[in-house]
1. Is it fair to say Leu138 is of a type outside the set (Phe, Trp, Tyr) and either within 16 Å of the ligand (Cβ to nearest atom) or surrounded by 22 or more Cβ atoms within 10 Å (Cβ to Cβ) (or both)?
2. Are there any pairs, at least 6 apart or on different chains, whose C-beta atoms fall under 6 Å, with the first in the range 190-210 and closer than 16 Å to Arg141 by Cβ and without any contact (Cβ under 8 Å) to a residue 40 or more places away in the chain and the second surrounded by 13 or more Cβ atoms within 10 Å (Cβ to Cβ) and among the small types (Gly, Ala, Ser), and if so, which?
3. On the basis of being more than 19 Å from the chain's Cα centre (by Cα) and at pLDDT 95 or above, does Glu121 make the cut?
4. Among the residues that make up the range 69-88, is at least one of them over 18 Å from Pro2 (Cα atoms), of a type in the set (S, T, N, Q) and in contact (Cβ under 8 Å) with a residue 12 or more places away in the chain?
5. Which one is farthest from the chain's Cα centre (by Cα), of the residues in the range 181-201 that are at pLDDT 95 or above and within 12 Å of the ligand (Cβ to nearest atom)?
6. When the residues of the range 152-165 are filtered to those that are touching a Ser or Thr at 6+ places or on another chain (Cβ under 8 Å) and more than 8 Å from the ligand (Cβ to nearest atom), which remaining residue is farthest from Thr225 (Cα to Cα)?
Amino acid sequence: MPGSFKTEAIVLRSIRYGEADRVLHLYTADRGRLGAVAKGVRRVKSRLGGRLEPLSRVRLVLHQGRGELCTISQADTVRPHAALRERRASLERATQACEAVLRLLDSAEANRPAYNLLCNELALLDASAEAADRAQALAFRMKLLLAAGFAPELASCAACGEVEHLGAFSPSAGGVVCEGCEAGSFPLGEEAHRFLVGALANPLAEIPQASELALSQADRALAETAEYHAHVRLRRVAA
Ligand SMILES: [Zn+2]
């Protein structure tokens, strides 16, 4: 329905458009994924200019016309995340987090848990260089899969319900599997299993560490879950 509305959003991606405009991919608090044009934003004197950089958290007034893209009529910064842009590792993790949101959440429907999760992740990466580690990035991904409706089964065998001897992960079964249901699975050790359970149970700021082997197994489990169930290819989370 045409008209103006307000919402908060994270700028996921920004693409040059025409002479002086940009098309923004936004993840909004109230309307999920949204595309919007920021007119004249590449001109030196633009009012909106510096406020709409990727990774920024902003408060927007948008106009919905008849076309597919909204137009941004006002933008105020909530958090610029300036510190994380200064650190390469933090910037890479933040960019990867936004990419995962772009791929996993493409509907124009509000998903407050997903929005809050992304805001949290960017705030943590902005606040401290230590947050840019692999365990943290994988925990974000696990929570994002849950928010998107694709969390793997971790409590019992995804194929038969057995609760013991869960030493493998099967993307097609949708979670951990027992010895009897190992077809099509790969090893997921006890430590990796514990890490994934802990990633869901703990807040992002309190993610327990794990060995590189466990994190690699967890990474594979999350990436193949996204691929099999959401049909989305996520870049692996580098050490
Ligand atoms: Zn089983």
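The values are calculated or read from the model by the stated rules, or taken from the named source; none is laboratory data. These figures come from a predicted structure and were not determined experimentally. Positions of Cβ are generated from backbone atoms using ideal geometry, with glycine treated the same way; all protein chains shown enter the neighbour counts.
1. Details: of a type outside the set (Phe, Trp, Tyr): yes; either within 16 Å of the ligand (Cβ to nearest atom) or surrounded by 22 or more Cβ atoms within 10 Å (Cβ to Cβ) (or both): yes.
When the stated conditions are applied, Leu138 passes them.
2. These pairs meet every condition: Ala192/Ala214; Ala192/Ala218.
3. Values: more than 19 Å from the chain's Cα centre (by Cα): no; at pLDDT 95 or above: yes.
When the stated conditions are applied, Glu121 does not pass them.
4. Of the range 69-88, the ones over 18 Å from Pro2 (Cα atoms) are 75-88.
So of that shortlist, the ones also of a type in the set (S, T, N, Q) come out as 77.
Filter once more, so that each one left must be in contact (Cβ under 8 Å) with a residue 12 or more places away in the chain: 77.
Checked the range 69-88: at least one residue is over 18 Å from Pro2 (Cα atoms), of a type in the set (S, T, N, Q) and in contact (Cβ under 8 Å) with a residue 12 or more places away in the chain.
5. First pass over the range 181-201, keeping only residues at pLDDT 95 or above: 181, 185-201.
After this cut, where a residue has to be within 12 Å of the ligand (Cβ to nearest atom) as well, the list is 181, 185.
Values: Cys181: 31, Ser185: 25 Å.
It comes out as Cys181.
6. Filtering the range 152-165 for residues touching a Ser or Thr at 6+ places or on another chain (Cβ under 8 Å) gives 152, 158-159, 162-163.
Next, from what is left, pick out any that are more than 8 Å from the ligand (Cβ to nearest atom): 152, 163.
Values: Pro152: 7, Val163: 20 Å.
For the range 152-165, the residue satisfying everything is Val163.
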